[in-house]
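Undergrad: Take this structure, written in structure tokens, and hold onto it; I'll ask about it next.
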Amino acid sequence: MSRQSALTIFAVTLALAACQPNNQGTNQTVGTLGGAAAGGAIGSQFGKGDGNLGMIGLGVLLGGWAGNEIGSSLDQADRQKDQQAEKRAYNAPIGQQVTWNNPDSGASGTIIPIHDGYTNNGAYCRDFSQTITVNGQQRHGADKACQQPDGSWKIAP
């Protein structure tokens, strides 16, 4: 990584810390700044000379936009309800819809285990379909989680 890249990432990281008084930054601000920092770091890996600086700038812009979108969607209570539903879905029968909602924010979601099986190394895994509704907008996704040796679950890469 070039010196300029390292300085850019350092500056963005400082800005992220400075914008969180008492560690209570808003979801959207934290998401935007965190996404910008990550995007800049990724962008720094591409191009040379002025091209590298351009890629850092593009990474900061795209990462900031993506982080803003994510940060504006779910607040902490919503994420907690979603995580509780995920835990219930780990043991729900295949095809059974697990739902959550937060009447305070209006956000809601569904998680459906759609397939299960074992990996080549013997880990039990499940595929999930998920829908989250925030501010009237639905977002769809899919995840795979595998049971760890200690019985906990971890989202698979």
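Values quoted throughout were computed directly from the atomic coordinates according to the rules given, and no laboratory measurement underlies them. The model shown is predicted, which means the values in this text are computed figures rather than measured ones.
Undergrad: Quick one: 3J(HN,Hα) in Hz for segment 100-109, Karplus 6.51/-1.76/1.60 with θ = phi - 60°, rounded, Gly and Pro as x.
TA: Here the 3J(HN,Hα) series is 8, 7, 10, x, 6, 9, x, 6, 8, x Hz.
Undergrad: ³J(HN,Hα) across segment 121-127 via Karplus (A = 6.51, B = -1.76, C = 1.60, θ = phi - 60°), whole Hz, x for Gly/Pro?
TA: Rounded to whole hertz, the list is 8, x, 6, 7, 10, 9, 9.
Undergrad: Another question, if that's okay. Whole-Hz ³J(HN,Hα) for each residue in segment 129-134, computed from phi via Karplus 6.51 cos²θ - 1.76 cosθ + 1.60 with θ = phi - 60°, x for glycine and proline: what do you get?
TA: Taking θ as phi minus 60°, the curve returns 9, 9, 10, 10, 10, 9 Hz for segment 129-134.
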